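All remarks here apply to the structure that follows.
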Amino acid sequence: MMVNRELRVQKIRDGVVIDHLRAGTALKILEMLGITGKEGYIITIAMNVPSQKLGTKDIIKIEGRYLSPSEVSKIALIAPRATLNIIKDYQVMKKERLTLPDEIVGIIRCSNPTCITNHEPQIQSKFRVVSREPLKIKCEYCETVMGQEEIAKRLS
Ligand SMILES: [Zn+2]
């Protein structure tokens, strides 16, 4: 247990700590960020860690890399209660609870194969959040409703 505890609190110099991820989502998030482990970043992943807020949670620490706004939105879609800590020179420069905007434009493909957004490349997908817990979003064009699992599969 001691080893585990040290792993969790070990500080990174510059980078991000993504905390309070829904348990079991860490690997999906790394995949979505395009991180395979071959890039050379120092990455610490903790999965199924006990959490007061969530029961269990995952944590990802990435040294030497920051996240773009669209990456942050994608993480919020997979793990809506996640928190993002931005670390510079061992200090937490910014700590934010990820929030999902009411409207999500361009980062998810609609699950309806006949939806116009899947056929007209110049039309960006657009979804409205209809429920946050559990997460449900609705396509503005064809009104298809997608839940958490569906969303995770269709992030583009
Ligand atoms: Zn649609």
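Read-outs: derived from the displayed coordinates by stated rules, not from any lab. Bear in mind the structure is a predicted one, so any value in this text is a computation, not a measurement. Cβ sites come from the backbone with ideal geometry, for glycine too, and all protein chains shown count toward neighbours.
Quick notes
- Straight-line reach from Lys88: taking Cα to Cα under 13 Å and skipping same-chain neighbours fewer than 8 places apart, the aspartates and glutamates in range are Asp14, Glu63.
- Neighbour counts of C-beta atoms inside 10 Å place Ser68, Ser111 in the sequence Ser68, Ser111, starting with the fewest.
- Candidate lysines for bridging to Lys94, where Cα separation is under 20 Å - those fewer than 8 sequence places away on the same chain excluded: Lys11, Lys61, Lys74
- Think of each Lys and Arg Cβ as +1 and each Asp and Glu Cβ as -1; about the Cα centre, that makes the dipole of the range 1-126 roughly 400 debye.
- Estimated FRET transfer efficiency (Val145, Ile86; beta-carbon r; R0 30 Å; 0.05): 0.35
- Base-10 log of normalised Debye intensity for the range 1-147 (one unit scatterer per alpha-carbon) at q = 0.14, 0.18, 0.20 Å⁻¹: -0.73, -1.07, -1.22
- With R₀ fixed at 35 Å, the C-beta to C-beta distance from Arg65 to Glu103 puts the FRET efficiency at about 0.80.
- Degrees between helix 69-78 axis and first principal axis of the chain (Cα, 0 to 90, nearest 10): 90
- Karplus-based coupling profile of the range 16-32, in residue order and whole Hz: 10, 10, 9, 10, 6, 7, 3, 4, x, 9, 4, 5, 4, 5, 4, 4, 5, with θ = phi - 60° in 6.51 cos²θ - 1.76 cosθ + 1.60 and x standing for Gly or Pro.
- The calculated 222 nm mean residue ellipticity attributable to helices in the chain amounts to -5000 deg cm²/dmol, summing -39500 (n - 2.57) over DSSP H runs of n ≥ 4 and dividing by all residues.
- Dipole of the chain, positive end: most advanced residue of Leu98, Met146, Gln122 [Cβ charges, Cα centre]: Leu98
- Amide N proximity, the range 55-71 versus Glu133 label position 7 Å along Cα-to-Cβ, cut-off under 15 Å: 55-57
- Each part reduced to its alpha carbon centroid, the range 81-125 and the range 25-42 end up 17 Å apart.
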